[in-house]
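Student: My questions will all concern the structure given below.
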């Protein structure tokens, strides 16, 4: 559930969308604005330049040291930062300078207005479930990948057009077998991303659930499933398969081998998202995805 927090903000990290000079310039202006309010600013090398008002840190260091982290960019930039969350990591607020901006707090025109609310303590923190993802290989089930994701883990085909053959279990019990383009295992936060485009349900982000959504399954009876996040989902790659890959939040990519098992469960870490809008999720459904819109 969301929880309120008020108090003095002393240190803020600023993360920018990569390779965008205009966004970097905006970050430098924002740093001066924050410094004028006696807030210490942590910056990435990408935009800090010779600005004396900032201290250079990596994104991971910011998450550990700042009171909260501002992300100037789109949903991908916010996810890429929030998925670094560990125990006691900073909350993250996104300012949309990208295309959709479904997860971000506001568009760039409201930048100072949103941050004034945060500095005044008028905000809520939403804890978002993340998933821990492991790849187990061989008879010994050696763990060759261990990571986490905020949106989703996707097992899909690689370079060839032939369908994948996969099976999924839940706590060791058979869920289903799939022939198709792959399988998405998503958090509620990720329900409005790739899972939605593959026909999955919209799930409120504070719900305790894991979603399993087939991608272009070659049967009319393959349907998405919503499971308790206390379950462990395992995706089994057919032994003869030589063309499967795993992607995490669309940002990490791993080649899979026949016989691999992708194990997915609720992560011990959570990402914390800052919001100044009590109904932000439902507002975004209407404004960004035009939910239930009719006609013009």
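Student: Looking at (1) over 15 Å from residue 248 (Cα atoms); (2) in contact (Cβ under 8 Å) with a residue 40 or more places away in the chain; (3) buried (at least 17 other Cβ atoms within 10 Å of the Cβ), which one does residue 208 not meet, given that it meets all the others?
Tutor: Condition not satisfied by residue 208: (3).
Student: Out of curiosity, is residue 250 within 22 Å of residue 75 (Cα to Cα), surrounded by fewer than 19 Cβ atoms within 10 Å (Cβ to Cβ) and touching a strand residue (DSSP E or B) at 6+ places or on another chain (Cβ under 9 Å)?
Tutor: Answer is yes for this residue.
Student: To continue, here is another question. Does any residue of the stretch 184-203 turn out to be in contact with a helix residue (DSSP H, G or I) (Cβ under 7 Å, 6 or more places away or on another chain), closer than 19 Å to residue 225 by Cβ and free of Cβ contacts under 8 Å to residues at least 24 places away in the same chain?
Tutor: yes
Student: State all residues of the stretch 4-47 that are in a strand (DSSP E or B) and surrounded by fewer than 16 Cβ atoms within 10 Å (Cβ to Cβ); if no residue qualifies, say none.
Tutor: Of everything in the stretch 4-47, just one residue is in a strand (DSSP E or B) and surrounded by fewer than 16 Cβ atoms within 10 Å (Cβ to Cβ), namely 4.
Student: Suppose the filter is assigned to a strand (DSSP E or B) and touching a helix residue (DSSP H, G or I) at 6+ places or on another chain (Cβ under 9 Å); does residue 273 pass it?
Tutor: Criteria met by residue 273.
Student: Name the residue that is farthest from the chain's Cα centre (by Cα), counting only residues in the stretch 249-266 that are within 9 Å of residue 137 (Cβ to Cβ) and outside any strand (DSSP E or B).
Tutor: Here the residue is 259.
Student: Any chance you could count how many residues in the stretch 103-143 are modelled with pLDDT of 85 or more and within 22 Å of the chain's Cα centre (by Cα)?
Tutor: 15
Student: Between a first residue in the stretch 100-126 that is over 23 Å from residue 83 (Cβ atoms) and a second residue that is at pLDDT below 85 and surrounded by fewer than 17 Cβ atoms within 10 Å (Cβ to Cβ), which pairs have beta carbons less than 6 Å apart while being 6 or more apart in sequence or on different chains?
Tutor: 121/6
Student: Right, another one. Determine whether residue 213 is over 20 Å from residue 262 (Cα atoms) and either in the same structural domain as residue 152 (by TED's automatic domain parsing) or out of contact with any helix residue (DSSP H, G or I) (no Cβ under 9 Å at 6 or more places or on another chain) (or both).
Tutor: No.
The values are calculated or read from the model by the stated rules, or taken from the named source; none is laboratory data. Just so it is clear, the structure is predicted and the values come from calculations on it, not from any experiment. Every residue, glycine among them, receives a Cβ derived from its backbone with ideal geometry; neighbour counts consider all protein chains shown.
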